[in-house]
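**Student:** Dropping a structure here in structure tokens format, bear with me for questions.
Bear in mind that the values in this text are calculations on the coordinates, not laboratory data. Everything numeric here is computed off the predicted structure, so don't read it as measured data. Here Cβ is always computed from backbone atoms with ideal geometry, including for glycine, and neighbour counts include all displayed protein chains.
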Amino acid sequence: MKNLLVVVVLLVPFLLFNPISSSSSADEQFSVDGKVLELDESNFESAISRFDFILVDFYAPWCGHCKSLSPELDAAAPVLATLREPIVIAKVNADKFTRLAQKYDIDGYPTLKIFSHGVPVDYYGPRKAELLVRYLKKLVAPDFSVLDSDSAINNFVEAAGNYFPIYIGFGLDQSMIEKLAVKYKKKAWFSVAKDFSEDAMVLYDFDKVPALVSLNPSYNERSTFYGPFEEEFLEDFVKQNLIPLVTPINLETLKILKDDARKVVLTIVEDDEEEKAKELVKLLKAAASANRDLVFGYVGVKQWADFAETFGSTSKLPKMVVWSGREEYFSVIDSERIAGEDQATQISRFLQGYKEGRITEEKVRGRSMLAIINSLINIRTVYALVFVVAIVMLIQSINKDDSDHERVPNQVDNAGSSISEAAYSVYKPEDKED
């Protein structure tokens, strides 16, 4: 038995870490030929330093979504390679090369990251080849554009597409938004219109200059800022309009919201595709427009029950809570449920009650905590924890074996076998969610 323990301990490095592939040397030279690069732990850093812009797909071979994404990346790669500032696409088997996955906080598959001059940023854009190409062109576009006519403005808006908010400073000195354009380049388009007509003022719905207009084409939203044109207030306006007035809550929007310090006024409905839910969202937009210090979001139980149910019972809907974005949320006393005909008044009463402090603080349910833990600990770490527990139990069994030589050894063998089988039957790679 002691010999077995020695063997098991020696196997720890093998079980926790995959051997580094020797398929390519660290100083391997890559070329921009329109092909998707296959990277591993031996050439990853070399590739990142070789290219100014590289989109990396961290995938797992068993992942269905990864298999669907692969041909889209193959189709986009040759187009992106022909840009004036080429963008290279690469992929990493994160299920195999776990040290890379851990280093870049990969907690699901596929995860896409854009490395801009070596700095990684999460990619939340479309994954169809044509749209992906248009989205990634933003990465190599100028920080901001100077527009000198109505047609230049219209061309700029059309070329920007629907996947980023658009900011146009009409009659605004470019120095006022230059820093913001650099800071938020990966999240929005920025421009300054130097020459424009009254037709443009009507089209973009502003009546005096200077004005900073934000457009969110995906949600058909527009907002105008007339000052004061100081950096603090300008940045607040930019940050508030990076997301729509009322945000549908899903995995992608949660990733975006994690960078927003505002609390989330969350409305939970049965089905966010139902007409009555869409009418409620319209009322929420009016409330959100008047309360920009808060983020407004909504989620359907039908669309994401696991998330919705972390905020208490979903038997009486729709209901509203204020979520901190972490482990606690707040219910407004006597104003939680939004039911009946006059929902606009009930929304106003809820917000007034929250701001007056008529609230109770509650903790999100345990399932959410499990989700947080799962997002922080990947499957290899789980394997390691299970393995350590097994080793501790094995050592305890051996110590017991020293004091009782007759019947315990067989019991230890059986216990060790059952622990191992139970652990590995629960934590199988094929059981992981994408």
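**Student:** Counting other beta carbons within 10 Å of each residue's own, what order do 360, 253 fall into, fewest first? Before the final figure, lay out the partial values.
**Tutor:** Values: 360 10, 253 17.
Least crowded to most crowded, the residues run 360, 253.
**Student:** If we count every other residue with Cβ under 10 angstrom of residue 317's Cβ, Lys/Arg +1 and Asp/Glu -1, where does the sum land?
**Tutor:** +1
**Student:** Please give me the summed charge of the neighbours of residue 273: other residues whose Cβ is under 15 Å from its Cβ, Lys and Arg +1, Asp and Glu -1. Numbers along the way, then the final one.
**Tutor:** On the way: positive: 276, 278, 282, 302; negative: 270, 271, 272, 274, 275, 279.
For residues surrounding residue 273, the net value is -2.
**Student:** What does the C-alpha gyration tensor say about the overall shape of the stretch 246-371? Classify as rounded when a/c is under 1.5, otherwise prolate if a/b is larger than b/c, or oblate.
**Tutor:** It comes out rounded by the Cα gyration axes.
**Student:** Also, quick follow-up: Any idea what the relative contact order of the stretch 143-240 is, in percent, if you count C-alpha pairs under 8 Å spaced at least 6 apart?
**Tutor:** Details: 151 pairs, mean separation 32.6, N = 98.
It comes to 33 percent, rounded to a whole number.
**Student:** Hey, another quick one. Along the Cα→Cβ direction, 7 angstrom out, place labels at residue 75 and residue 176. What is the inter-label distance in nm?
**Tutor:** It is 4.3 nm.
**Student:** Still on this structure: Pairs to check: 278/319; 103/186; 67/103; 278/302; 282/355; 239/285. Give those whose C-alpha atoms are more than 19 Å from each other in this structure.
**Tutor:** Those over the limit are 103/186; 67/103; 282/355.
**Student:** In whole Å, what is the distance between the alpha-carbon centres of the stretch 276-303 and the stretch 45-82?
**Tutor:** Each part's Cα centre sits 36 Å from the other's.
**Student:** Based on the alpha-carbon gyration tensor of the stretch 143-240 and its eigenvalue square roots a ≥ b ≥ c, which shape applies: rounded if a/c is under 1.5, prolate if not and a/b is larger than b/c, or oblate? Don't jump to the answer; show the numbers that get you there.
**Tutor:** Details: a/c = 1.33, a/b = 1.11, b/c = 1.20.
Rounded shape, in that the Cα axes give a/c under 1.5.
**Student:** What does the highest-first list of 44-50, 154-160 look like by mean Cβ count within 10 Å?
**Tutor:** Taking the mean over residues of other Cβ atoms within 10 Å, the ranking is 44-50, 154-160.
**Student:** Please arrange 170, 30 by how many other C-beta atoms lie within 10 Å of their C-beta, fewest to most.
**Tutor:** The fewest-first ordering by Cβ neighbours comes to 30, 170.
**Student:** Compute the FRET efficiency between residue 365 and residue 45 as 1/(1 + (r/R0)^6), taking r as their Cβ-Cβ distance and R0 = 30 Å, and round to the nearest 0.05.
**Tutor:** Given R0 = 30 Å and the Cβ-Cβ separation, E is 0.15.
**Student:** A further question on this structure: How much net charge surrounds residue 285 when only the other residues with a Cβ under 13 Å from the Cβ of residue 285 are counted, with Lys and Arg +1 and Asp and Glu -1? Each step should come with its number before you reach the end.
**Tutor:** Values: positive: 222, 278, 282, 292; negative: 221, 279.
Neighbour charge sum, excluding residue 285 itself: +2.
**Student:** For 301, 202, what's the fewest-to-most ordering of other Cβ within 10 Å of each Cβ?
**Tutor:** Working: 301 18, 202 10.
The most exposed by this proxy come first: 202, 301.
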